[in-house]
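What follows is a single structure, written as structure tokens, with notes after it.
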Amino acid sequence: MRRMKVGRLMTDDVVSALPETSFREVAKLLAEHDVTGLPVVDEDDHVVGVVSESDLLARRALTTRELMSTPAVTVHAEEAVPDAARLMVRCGVERLPVVDEEERLVGIVTRRDLLSVFLRPDAEIRDRIRDEVIDDVPDLPDDAVDVRVLDGVVTLVGHVRRPGQAEMIVRLAERVEGVVAVRDRLSTGADAAHSPPRAVHDALG
């Protein structure tokens, strides 16, 4: 199943600073480009830190080297969007510099960029789950699973023969771009009618 990559969402025209950039110049760059933070790179474009408005407000220093937060949390362009979102949440950052295979700066992605994925229409999400998940499950009748989507929350209702099939469907549905959470209402085996509702899964884990 296809997963959207960070490279499709990132901004490749990145405003950056050098370690020697002055406090005043950093403040000017943030204001001129209407951003709240920017990556700091060395002479070979390797990301060495990130400097934000919060850094400027928290301490006074002459250069970016003394202001920036290190080490920088970065992401590669080929990484999947949900993985980048998890990293951003886990590290408590608002933006991620995007680097290539040699760790050189190629772009930047923000929380707003990643959240745009979750604005997909419910009908589109439903169609993608049908086409890319349900239809690819071996030995599954066409009408075995009903896919319902409301505000990005997917509810899977139906009966499958084996628990492993249900687990695979839920896991793959969580990975479809735009899915906020998955409600598992799939029953399995001979006792399908008496199986209790299964868990609600957050798409970001």
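All of the numbers you see were taken from the coordinates with simple rules; none came from a lab. As the structure is a prediction and not an experimental result, all values here were calculated from the model. A quick note on method: Cβ atoms are made from the backbone with ideal geometry, for glycine too, and the neighbour counts reach across all protein chains shown.
How much length is gained if the chain between residue 155 and residue 62 is pulled fully straight, taking 0.36 nm per residue apart and subtracting their Cα-Cα distance, in nm to one decimal?
Details: separation 93, 0.36 × 93 = 33.48 nm, distance 5.45 nm.
Here the segment from residue 155 to residue 62 would lengthen by 28.0 nm.
Any idea what angle helix 163-174 forms with the longest principal axis of the chain, computed on alpha-carbon atoms, 0 to 90 degrees, nearest 10?
Helix 163-174 and the main axis of the chain meet at about 40 degrees.
Calculate, for residue 94 and residue 127, the FRET efficiency according to 1/(1 + (r/R0)^6) with r their C-beta to C-beta distance and R0 45 Å; round to the nearest 0.05. Numbers along the way, then the final one.
Numbers: r = 32 Å, r/R0 = 0.72.
So the FRET efficiency works out to roughly 0.90.
Could you grab the relative contact order for the range 6-117? Cα pairs under 8 Å, six or more apart, rounded to a whole percent.
Values: 194 pairs, mean separation 34.3, N = 112.
Computed over the range 6-117, the figure is 31 percent.
Set the Förster distance to 41 Å, then compute FRET efficiency between residue 69 and residue 8 from the Cβ-Cβ distance, nearest 0.05.
Working: r = 27 Å, r/R0 = 0.65.
Using R0 = 41 Å, I get an efficiency of 0.95.
Sort 18, 38, 62, 9 so that the residue with the fewest other Cβ atoms within 10 Å of its own Cβ comes first and the one with the most comes last. Don't skip to the end; give the middle numbers.
Details: 18 16, 38 23, 62 11, 9 20.
So the ranking, lowest neighbour count to highest, is 62, 18, 9, 38.
Any idea how far the Cα center of the range 64-96 sits from the one of the range 138-165, in Å?
If you average the Cα positions of each part, the centres end up 35 Å apart.
Amide H of residue 17 versus every other amide H placed in the peptide plane: which residues, excluding those fewer than 5 positions away on the same chain, fall under 5 Å?
Long-range HN contacts for residue 17: 40, 41.
Quote the Stokes-Einstein diffusion coefficient, in whole µm² s⁻¹, for the range 47-168, based on the Kirkwood radius over alpha carbon pairs, a temperature of 10 °C and a viscosity of 1.306 mPa s.
89
Nearest 20 debye, what's the magnitude of the dipole of the chain about its Cα centre given +1 on Lys and Arg Cβ and -1 on Asp and Glu Cβ?
Values: 27 positive and 40 negative charges, 175 e Å.
Its charge dipole is roughly 840 debye.
To the nearest 0.05, how large is the calculated FRET efficiency for residue 120 and residue 43 if R₀ is 35 Å and r is the Cβ-Cβ distance?
On the way: r = 41 Å, r/R0 = 1.17.
Efficiency for this residue pair is about 0.30.
Relative to the longest principal Cα axis of the chain, at what angle does helix 122-132 sit, 0 to 90 degrees, rounded to 10?
Compared with the principal axis, the helix lies near 70 degrees.
So, counting K/R as plus one and D/E as minus one, what does the shell of residues with Cβ under 11 Å around residue 119 add up to? Could the numbers behind the result be given before it?
Working: positive: 112, 120; negative: 122, 124, 151, 177.
Its environment carries a net charge of -2.
Report the label-to-label distance for residue 20 and residue 135 in nanometres (one decimal), using points 7 Å from each Cα along the Cα→Cβ vector.
About 5.8 nm, to one decimal.
On full extension of the chain, what length is gained from residue 83 through residue 148, given 0.36 nm per residue of separation minus the C-alpha to C-alpha distance? Don't skip to the end; give the middle numbers.
Details: separation 65, 0.36 × 65 = 23.40 nm, distance 2.46 nm.
Full extension from residue 83 to residue 148 adds 20.9 nm.
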